[in-house]
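So the structure is just underneath, and the comments pick up after that.
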Amino acid sequence: KGKAIFDEERQPVRFSGTLEDITKERLTVDALEEAYEQIRLSKEAAGLGMFDLDIIKGTLTWDERCRELFGIFHTDNVSYDGDFTKGLHPEDRERVTMLIDTLCQPGSDGNYDVEYRTIGAEDGKLRWVRAKGKVFFNRNGKAYRFIGSVLDITELKLDEVRKNDFIGMVSHELKTPLTTLNAILQVLQMKQKQADSFTTDALAKAVKQSKKM
């Protein structure tokens, strides 16, 4: 900070001031900016969307990724009822909203961890997401803020569906021949009269293994 000194003819004759060492403050600011940038890059790499709900004011903030996971591509304001609730799959809507209502009640730990489906508002696309967050309470025990992140797990869920479909198909295809095989073996056991010990033992093991399969 400083000040210029002028003579009677308004000509500058001197400049005086003070210097202050702000190295520590500048380093702190630089470190914070670097930390924020690392967080931003990590969030983008993980594909996380962020949300921030001011429960008192009723305002909701979504970043670009969070909007994308709800099929919203405009930059207009979003709302809890108009965008979040309506964006939930009808079969998941009541479950998720009831969970959030419960977390906002006094005495709740506020921890939010849930999987649900969304139906894109603009593209109509079905997506699976996992949401994690936290409801914060003031000194009076009233919920005032709800923040967290959402992650696209659509491919993971589709893999589970494909796996279950495959297992179901294999189980169905194996059930009929194994049932038939087991029945034949049991009939052979009942009909054997003077079979040698090897045949008796072999049939018993065959029946056991077919039931196991």
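Just in the range 47-107: which chymotrypsin sites (Phe, Trp or Tyr not before Pro) are loop by DSSP and have at most 16 other Cβ atoms within 10 Å?
Details: sites: Phe51, Trp62, Phe70, Phe73, Tyr80, Phe84; in loops: Phe70, Phe73.
Within the range 47-107, the qualifying chymotrypsin sites (Phe, Trp or Tyr not before Pro) (loop, at most 16 other Cβ atoms within 10 Å) are Phe73.
Considering only Arg145, Arg127, Arg14, the Gaussian network model of the chain with Cα springs below 10 Å gives its largest mean-square fluctuation to Arg14. Each label was represented as a point 7 Å from its Cα along the Cα-to-Cβ direction; for Asn77 and Thr97 these points are 2.1 nm apart.
Applying a length cut-off of 27 Å (Cα extent along the axis) and a mean Kyte-Doolittle floor of -1.0 to the DSSP H helices of the chain leaves 23-46, 154-191. Counting protein heavy atoms only, the range 80-201 has 56 percent of its accessible area on carbon and sulfur, 1.4 angstrom probe. Length gained on full extension, Thr59 to Asn138: 26.7 nm, using 0.36 nm per residue less the C-alpha separation. Diffusion coefficient of the chain by Stokes-Einstein, Kirkwood radius over Cα pairs, 4 °C, 1.567 mPa s: 54 µm²/s.
Hydrodynamic analysis of the range 143-213 uses the Kirkwood radius over alpha carbon pairs. Inserted into Stokes-Einstein at 10 °C and 1.306 mPa s, it gives a translational diffusion coefficient of 97 µm²/s. For the chain, modelled as a GNM whose springs connect Cα atoms under 10 angstrom apart, the maximal fluctuation among Asp159, Asp83, Asp196 occurs at Asp196.
With a probe of 1.4 Å, find how much accessible area the chain has per residue, and write the answer as a whole number in Å². Don't jump to the answer; show the numbers that get you there.
Working: 15700 Å² over 213 residues.
Result: 74 Å² per residue.
Placing +1 on each Lys and Arg Cβ and -1 on each Asp and Glu Cβ, with no other charges, gives the range 54-192 a dipole about its Cα centre of roughly 480 debye. Among Val187, Val170, Val129, the residue with the largest mean-square fluctuation in a Gaussian network model of the chain, with springs joining Cα atoms closer than 10 Å, is Val187. Straight-line cross-link reach from Lys142 at under 22 Å between alpha-carbon atoms covers these lysines, not counting any fewer than eight positions away in the same chain: Lys57, Lys132, Lys134.
The values are calculated or read from the model by the stated rules, or taken from the named source; none is laboratory data. Computed from a predicted structure; not experimentally measured. Cβ atoms come from the backbone with ideal geometry, glycine included; neighbour counts cover every protein chain shown. These area figures cover heavy atoms from the full protein model, side chains too; ligands, DNA and RNA do not enter into them. Shrake-Rupley method; radii C 1.70, N 1.55, O 1.52, S 1.80 Å.
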